[in-house]
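The next block holds one structure in the form of structure tokens; read it before the comments.
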Amino acid sequence: FSYYGSKSKIIGYYPPAKFSTIIEPFAGSARFALRYYEKDCWLNDSYKTITDIWDWIINATEEQILAIPELKRGEDLRLRGDIDPTVKLLMGFIVSSGVEKPRNIVTQWCDEKNEFKRHKKRLLDYCGKLKHWKVTNLDYRKLPDVEATWYCDPPYQEINDNNKHPYVH
């Protein structure tokens, strides 16, 4: 999913993972881990929305992914009581590109680019392949000091509903 600060366009320029375990203490859209998805990946983020979405992605079945509705321009996620709350959060990142928190209204860009179809295809490509991943919702300072490839891409600004980023203390 598209998330503010994602490295999707430049991740290929990063050096390869050196260890069999990858830890992303500020997971976001986990582009580095996805590049090496077959490794043991530990995603952590103190923003619960992100860890809830990753937990859903890791455990989703093909049927659950295919059931994600493909909404059209102007539709409002808040009016859809028939969608699982975590799926609604994921969809909130699909409706608008590169945002810091889920949005509710399907944008023209999302509709014209068939973003729901594109994301569902990507989710299906990874379906069942991430079951060995671990997801935690911790302050990064509580992660153990272990040998791993640590991909650290810390947050850029304050972003949550209280105008405070979950990492800022």
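The values are calculated or read from the model by the stated rules, or taken from the named source; none is laboratory data. All values reported here derive from a predicted model rather than from experimental measurement. Cβ sites come from the backbone with ideal geometry, for glycine too, and all protein chains shown count toward neighbours. To get the accessible areas, we keep the full protein, side chains included, count just its heavy atoms, and leave off ligands, DNA and RNA. Shrake-Rupley method; radii C 1.70, N 1.55, O 1.52, S 1.80 Å.
Below are the figures for this structure:
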{"quantity": "Tally, over region 100-117, of residues that are part of a loop (DSSP other than H, G, I, E, B) and either in contact (Cβ under 8 Å) with a residue 60 or more places away in the chain or acidic (D, E) (or both)", "calculated": "2"}
{"quantity": "Failed item in (1) under 21 Å from D139 (Cα atoms); (2) modelled with pLDDT of 95 or more; (3) out of contact with any Lys or Arg (no Cβ under 8 Å at 6 or more places or on another chain), with L34 passing the rest", "calculated": "(1)"}
{"quantity": "Conditions (1) more than 29 Å from K142 (Cβ to Cβ); (2) open to solvent by less than 10 Å² (accessible area, probe 1.4 Å); (3) more than 14 Å from the chain's Cα centre (by Cα); (4) among the hydrophobic types (A, V, I, L, M, F, W, C): number failed by I23", "calculated": "(1)"}
{"quantity": "Selected residue (only one of S29, S6, S97 is open to solvent by less than 10 Å² (accessible area, probe 1.4 Å) and part of a loop (DSSP other than H, G, I, E, B))", "calculated": "S29"}
{"quantity": "Tally, over region 53-92, of residues that are more than 16 Å from Y126 (Cβ to Cβ), part of a helix (DSSP H, G or I) and either open to solvent by less than 60 Å² (accessible area, probe 1.4 Å) or among the aliphatic types (A, V, I, L, M) (or both)", "calculated": "7"}
{"quantity": "So D111, is it in contact with a Pro (Cβ under 9 Å, 6 or more places away or on another chain) and of a type outside the set (S, T, Y)", "calculated": "no"}
{"quantity": "Any pair with Cβ under 8 angstrom, 6 or more apart, that starts in region 122-144 at a residue that is open to solvent by less than 80 Å² (accessible area, probe 1.4 Å) and ends at one that is assigned to a strand (DSSP E or B) and of a type in the set (S, T, N, Q)", "calculated": "V135/N44; T136/N44; N137/N44; L138/N44; L143/N44; L143/T136"}
{"quantity": "Residue within region 27-37 that is farther than 21 Å from K129 by Cα and in contact (Cβ under 8 Å) with a residue 24 or more places away in the chain present", "calculated": "no"}
{"quantity": "Tally, over region 35-52, of residues that are open to solvent by 10 Å² or more (accessible area, probe 1.4 Å), out of contact with any Leu (no Cβ under 9 Å at 6 or more places or on another chain) and not in a helix (DSSP H, G or I)", "calculated": "5"}
{"quantity": "Cβ-Cβ under 7 Å pairs, at least 6 apart or on other chains, region 56-84 side acidic (D, E), far side in a helix (DSSP H, G or I)", "calculated": "E62/L124; E70/F116; E70/K117"}
